[in-house]
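Enquirer: Structure incoming, see below.
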Amino acid sequence: MKYRRLGRTNIEVFPIAFGGIPIQRVSEDNAVKVIRRAIELGINFIDTARSYTDSEIKIGKALKGIDKRIYIASKSGNRTKDGIFEDVKISLRNLGVEKIDIYQLHGVNDRDAFDKVFSDDGAYWGLLKAKEEGLIGHVAISSHSTDLLEEIITTDKFDVIQLCYNFIENKVEEKIFSMALEKDIGIIGMKPMGGGVLPNPALSLKYVLQKEFLVPDPGMESIEEVEENVKVAMNLTEITPEEYEEIERTRKELGSTFCRRCEYCQPCPQGVPITSIMRTKDFLKRLPRETVEKGWFYDAYLQAQNCTKCGTCLPRCPYQLPIPDLIERNIQLIKDYLENK
């Protein structure tokens, strides 16, 4: 197995990292089993965040008694120097470690966030302080904005960047990759499977893994997912013409309506569960009819009818999706489905 060098950190990691978002949804015992199975199969890099509720705590429990070198990345959305410094210390306690290898400014997706983290009392300086005191190894940043990533890379203040990358969200292929490589900045690829929305997870991961300078961090909550993802990484081959055809079909199907479930559009003033309704086509294909007719999805459908098209969600979406129009369209799809018995 060829490990991947994470840029100028010189950290050598398994081709995929363990994404720590989904383990929030499972019990502590199951989370520990899933993480330890990932480590057993060779994964030696785990990525989590302060905002992922109890993810850090579960990871910390899973790491107890492990004698293999496991690299850890966490992140905080705190925008102040003192605030993020305190978050680093909380992460250390939760994870049960003395030092976190990579710590990221979380979700610097717009100009306001960028200006805040670099202000005189900004979070960037808090991470520098944490590094100087030996609490973290490398200062990093995550962002959903391709345009902002250009400026972030130009600052040359970060050893690692984390960005969205899958075969639909692939704008970073144009300039970002080459810019980061020129400065030897490590790259973590979040949402390699589109947040679980892309229909062929194995192919989605295979596509991202073609870039050998990048480490994707798919979220995993079951041993089956871990084993499938490791299998793809261990048996990586070039994408076939048939697979490219499937990718193109999916791109055309999802296109500009593709919701990445980043949740930045929330909360809605009218209580609309935006991300659930945005995924209507997917749910109508996979959910039992009874769930659509009277289950949680039907409840979401009723709430969606409260949408006033106020537009509060629009500037929050990193992908500029026409959310109110898509909600209206998806409400109609559900109505048609319910009427077609």
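The values are calculated or read from the model by the stated rules, or taken from the named source; none is laboratory data. The model shown is predicted, which means the values in this text are computed figures rather than measured ones. Please note: Cβ atoms are built from the backbone with ideal geometry, for glycine as well, and neighbour counts cover all protein chains shown.
One line per residue, one yes/no per condition, for (1) under 20 Å from residue 139 (Cα atoms); (2) over 22 Å from the mean Cα position of the chain (by Cα):
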{"position": "33", "(1), (2)": "no, no"}
{"position": "46", "(1), (2)": "yes, no"}
{"position": "49", "(1), (2)": "yes, no"}
{"position": "56", "(1), (2)": "yes, no"}
{"position": "63", "(1), (2)": "no, no"}
{"position": "82", "(1), (2)": "yes, yes"}
{"position": "87", "(1), (2)": "yes, no"}
{"position": "103", "(1), (2)": "yes, no"}
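Enquirer: Only residues in the stretch 175-192 that are touching a residue at least 12 places away in the same chain (Cβ under 8 Å) and assigned by TED's automatic domain parsing to the domain that holds residue 106 count as the first member; pair them with residues that are part of a loop (DSSP other than H, G, I, E, B) and hydroxyl-bearing (Ser, Thr, Tyr), Cβ under 7 angstrom, at least 6 apart or cross-chain, and list the lot.
Expert: Sorted first by the residue in the stretch 175-192, then by its partner, the pairs are 189/165; 192/165.
Enquirer: I would also like to ask the following. Hey, among 101, 147, which residue is at pLDDT 95 or above, of a type outside the set (Ser, Thr, Tyr) and assigned by TED's automatic domain parsing to the domain that holds residue 216?
Expert: Result of the check over 101, 147: 101.
Enquirer: Condition check: modelled with pLDDT under 95, assigned to a helix (DSSP H, G or I) and more than 23 Å from the chain's Cα centre (by Cα). Does residue 291 satisfy that?
Expert: Judged against the criteria, residue 291 is a match.
Enquirer: Show the residue pairs that are 6+ apart or on different chains and have beta-carbon atoms under 6 Å apart, the first residue being within the stretch 160-173 and closer than 13 Å to residue 190 by Cα and in the same structural domain as residue 147 (by TED's automatic domain parsing), the second being of a type in the set (Ser, Thr, Tyr) and part of a loop (DSSP other than H, G, I, E, B).
Expert: Once the first residue is closer than 13 Å to residue 190 by Cα and in the same structural domain as residue 147 (by TED's automatic domain parsing) and sits in the stretch 160-173, its partners that are of a type in the set (Ser, Thr, Tyr) and part of a loop (DSSP other than H, G, I, E, B) give 172/165.
Enquirer: Anything in the stretch 2-32 that is touching a residue at least 12 places away in the same chain (Cβ under 8 Å) and either part of a loop (DSSP other than H, G, I, E, B) or at positive phi (or both)? List them, or say none.
Expert: 2, 3, 6, 7, 11, 14, 15, 16, 17, 20, 21, 26, listed by residue number.
Enquirer: Would you be able to say whether some residue in the stretch 294-313 is under 25 Å from residue 165 (Cα atoms), touching a residue at least 60 places away in the same chain (Cβ under 8 Å) and not assigned by TED's automatic domain parsing to the domain that holds residue 106? Quick ask: steps written out before the conclusion?
Expert: Just the residues of the stretch 294-313 that are under 25 Å from residue 165 (Cα atoms), to begin with: 313.
Narrowing further to those that are touching a residue at least 60 places away in the same chain (Cβ under 8 Å): none.
Looking through the stretch 294-313, none of the residues is under 25 Å from residue 165 (Cα atoms), touching a residue at least 60 places away in the same chain (Cβ under 8 Å) and not assigned by TED's automatic domain parsing to the domain that holds residue 106.
Enquirer: If you don't mind, there's one more thing I want to ask. Restricting the search to the stretch 17-36, which residues are modelled with pLDDT of 95 or more and crowded, with 19+ Cβ neighbours inside 10 Å? Talk me through it step by step, then tell me what you get.
Expert: Step one: filter the stretch 17-36 for residues modelled with pLDDT of 95 or more, giving 17-19, 28-36.
Passing the criteria: 17, 18, 19, 31, 32, 34, 35.
Enquirer: Here's something else I'd like to know. So, in the stretch 45-58, of the ones that are part of a loop (DSSP other than H, G, I, E, B) and surrounded by fewer than 19 Cβ atoms within 10 Å (Cβ to Cβ), which residue ends up modelled with the highest pLDDT?
Expert: Initially, the stretch 45-58 is screened for residues part of a loop (DSSP other than H, G, I, E, B), giving 48-54.
Within this subset, residues satisfying the condition of being surrounded by fewer than 19 Cβ atoms within 10 Å (Cβ to Cβ) are 51, 53-54.
Details: 51: 87, 53: 85, 54: 92.
Here the answer is 54.
Enquirer: Scan the stretch 312-341 for residues that are surrounded by 11 or more Cβ atoms within 10 Å (Cβ to Cβ), not β-branched (Val, Ile, Thr) and not in a helix (DSSP H, G or I) and jot them down.
Expert: The answer is 313, 317, 318, 319, 321, 322.
Enquirer: Identify all residues within the stretch 59-118 that are small (Gly, Ala, Ser) and either touching a strand residue (DSSP E or B) at 6+ places or on another chain (Cβ under 7 Å) or not in a loop (DSSP other than H, G, I, E, B) (or both); write none if there are none.
Expert: 60, 62, 73, 74, 76, 83, 91, 107, 113, listed by residue number.
Enquirer: Right, another one. Would it be correct to say that residue 223 is among the β-branched types (Val, Ile, Thr), surrounded by fewer than 19 Cβ atoms within 10 Å (Cβ to Cβ) and either touching a residue at least 60 places away in the same chain (Cβ under 8 Å) or within 20 Å of residue 285 (Cβ to Cβ) (or both)?
Expert: So residue 223 passes the test.
Enquirer: Would you check which residues across the stretch 114-166 are of a type in the set (Phe, Trp, Tyr) and within 20 Å of residue 264 (Cβ to Cβ) and list them?
Expert: 114, 165
Enquirer: Going by the structure shown, is residue 87 over 20 Å from residue 164 (Cα atoms), crowded, with 18+ Cβ neighbours inside 10 Å, charged (D, E, K, R) and assigned by TED's automatic domain parsing to the domain that holds residue 190?
Expert: When the stated conditions are applied, residue 87 passes them.
Enquirer: Among the residues of the stretch 125-144, is any assigned by TED's automatic domain parsing to the domain that holds residue 169, part of a helix (DSSP H, G or I), surrounded by 15 or more Cβ atoms within 10 Å (Cβ to Cβ) and aromatic (Phe, Trp, Tyr)? Write out each step before concluding.
Expert: Filtering the stretch 125-144 down to residues assigned by TED's automatic domain parsing to the domain that holds residue 169 leaves 125-144.
Filter again for part of a helix (DSSP H, G or I), leaving 125-132.
If we keep only those that are surrounded by 15 or more Cβ atoms within 10 Å (Cβ to Cβ) too, we end up with 125-131.
Among the residues that remain, those that are also aromatic (Phe, Trp, Tyr) are: 125.
Yes, that holds for at least one residue.
Enquirer: With respect to the numbered conditions (1) touching a Pro at 6+ places or on another chain (Cβ under 7 Å); (2) surrounded by fewer than 12 Cβ atoms within 10 Å (Cβ to Cβ); (3) not small (Gly, Ala, Ser), which one is the sole condition not fulfilled by residue 240?
Expert: (1)
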